[in-house]
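Contents: one structure, followed by commentary.
The values are calculated or read from the model by the stated rules, or taken from the named source; none is laboratory data. What you are looking at is a predicted structure, and each value in this text was computed from that prediction instead of being measured. Please note: Cβ atoms are built from the backbone with ideal geometry, for glycine as well, and neighbour counts cover all protein chains shown. Areas reflect the complete protein model, heavy atoms only, side chains present, ligands, DNA and RNA absent. Shrake-Rupley method; radii C 1.70, N 1.55, O 1.52, S 1.80 Å.
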Amino acid sequence: MIHEKHATQQGKAHSKSADWKNALATGFTHWQDLAQFLEIDPTSYNTPALKSFPMRIPKGFASRMQKGDINDPLLLQVLPSVKELDSIDDYVADPLQEADFNPVKGLLHKYKNRALLILHPACAVHCRYCFRREYDYQAQTQSKALWLDTFEYIRKNTALDEVILSGGDPLMHNDVLLAWFLAQIEDISHIKRLRIHTRIPVVLPERITDELINVFKETRLQKIMVIHANHANEINDDVTVALAALKNQSQFTLLNQSTLLKGVNDNAHILKALSEALFAAGVMPYYLHVLDKVKGAAHFDIDESTAKKIHTKLKSLTSGYLVPKLTREVAHEMAKTWIN
Ligand SMILES: *Cc1c(COP(=O)(O)O)cnc(C)c1O
Ligand code: SF4
């Protein structure tokens, strides 16, 4: 309630489509600007020019970083590093070999009952550890007419009961198109659940407009949203208000997945604080992923035995339901692999 009042005063709870597009367009794309904003010496960091995966940080996300701290856990997730240029054996462009599970354009069918749609190629933020940082999204991007073929695949596969909207970030689409995708999925009678994987409620809460909330209000499908936060500092009042609207008005079950990242959250106390902040905002911890071995992200990796130790310690510090499952994705397994 306090949060809601606070946010309404700031006008955030009723943000409109123009607001989120503006917030998206005015994010930081140059280190000089960000350094000035964070009061950090711009010469203290040498940002490589990465054409394929440039810097992209919404201002609202940057405002949650600690001024003057070059090692801020939010900054480390999104600041390009020269280490990304290191070429290290075993760290490859497509660590999950997803091309093997791509029967029709825009769709990954890897696990029996659920198919994942690469709904939108872009994200509101560029996370430097992203396993899809090298992904060929162009090959999955398509027109509405071609999407109908993708939905035909789902219609024919009666073993499917769940559709996952992913990307990139599916909430980068406008509300009209999202409503169209929803209608197509709803029309397939064996689909019971709609799941959305998105980092937008965390990095661009302005996107959670009244219009978006309305898109998901009237559907027969059960709705799950899996957000992505790695540190408690990511959850501020604006994020809390956006999540409350998704949960209370659109009736999403809210879950979170995190990635275990060196220097960001590789500590049981930090993970406990994250779980508590999420729970206070109505979100249940779901997965804690060990990093996928993608090219350019090796400097974030935590080896599996250290990951297990951190996870065991976390279990000893907090309630069972606040402990996410520690998982690793193994390319050709029937499901994600639970470690510990
Ligand atoms: C991770 C993933 C899913 C979802 O798996 P859950 O264990 O149900 O969260 C579905 N499809 C693909 C291709 C995935 O990578
Ligand atoms: S939001 Fe997700 S898909 Fe997008 S860059 Fe970050 S980790 Fe990758």
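Tell me, which strands (runs of 3 or more DSSP E) lie completely within the stretch 78-181 with 2 or more residues that are open to solvent by less than 30 Å² (accessible area, probe 1.4 Å), modelled with pLDDT of 90 or more and within 16 Å of ligand 2 (Cβ to nearest atom)?
Numbers: elements: 107-111, 114-120, 162-167.
Where strands (runs of 3 or more DSSP E) fall fully within the stretch 78-181 and carry at least 2 residues being open to solvent by less than 30 Å² (accessible area, probe 1.4 Å), modelled with pLDDT of 90 or more and within 16 Å of ligand 2 (Cβ to nearest atom), they are 114-120, 162-167.
Residue-by-condition table, conditions (1) modelled with pLDDT of 95 or more; (2) exposed (fewer than 14 other Cβ atoms within 10 Å of the Cβ):
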position	(1), (2)
ALA18	no, yes
LEU38	yes, no
THR47	no, no
ASP69	yes, no
PRO73	yes, no
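Of the numbered conditions (1) more than 16 Å from ligand 1 (Cβ to nearest atom); (2) surrounded by 24 or more Cβ atoms within 10 Å (Cβ to Cβ); (3) of a type in the set (S, T, N, Q), THR240 satisfies every one except a single condition; which is it?
Failed condition: (2).
Taking only the stretch 209-220 into account, find how many residues are without any contact (Cβ under 8 Å) to a residue 40 or more places away in the chain and either open to solvent by less than 10 Å² (accessible area, probe 1.4 Å) or under 17 Å from the mean Cα position of the chain (by Cα) (or both). Please lay out each step first, then the result.
If we filter the stretch 209-220 for residues that are without any contact (Cβ under 8 Å) to a residue 40 or more places away in the chain, which is where we start, we get 213-214, 216-220.
Retained after the next criterion (residues that are either open to solvent by less than 10 Å² (accessible area, probe 1.4 Å) or under 17 Å from the mean Cα position of the chain (by Cα) (or both)): 213, 216.
Selection size over the stretch 209-220: 2.
Tell me, please, whether a residue that is closer than 17 Å to LEU116 by Cβ, within 16 Å of ligand 1 (Cβ to nearest atom) and part of a loop (DSSP other than H, G, I, E, B) can be found in the stretch 198-207.
Checked the stretch 198-207: at least one residue is closer than 17 Å to LEU116 by Cβ, within 16 Å of ligand 1 (Cβ to nearest atom) and part of a loop (DSSP other than H, G, I, E, B).
Could you look through the stretch 49-62, keep only residues that are surrounded by 13 or more Cβ atoms within 10 Å (Cβ to Cβ) and under 19 Å from GLU84 (Cβ atoms), and pick out the one that is modelled with the lowest pLDDT?
From the stretch 49-62, those surrounded by 13 or more Cβ atoms within 10 Å (Cβ to Cβ) are 50, 53, 55-62; that's our starting set.
Next, from what is left, pick out any that are under 19 Å from GLU84 (Cβ atoms): 50, 53, 55-57.
On the way: LEU50: 73, PHE53: 86, MET55: 93, ARG56: 95, ILE57: 97.
Among those residues, the one meeting the criterion is LEU50.
How many residues does the stretch 255-312 hold that are aliphatic (A, V, I, L, M), open to solvent by 50 Å² or more (accessible area, probe 1.4 Å) and not in a helix (DSSP H, G or I)?
Within the stretch 255-312, residues that are aliphatic (A, V, I, L, M), open to solvent by 50 Å² or more (accessible area, probe 1.4 Å) and not in a helix (DSSP H, G or I) number 1.
Of the numbered conditions (1) touching an Asp or Glu at 6+ places or on another chain (Cβ under 8 Å); (2) closer than 18 Å to ASP292 by Cα, GLU84 fails exactly one; give the number of that condition.
So the condition that GLU84 fails would be (1).
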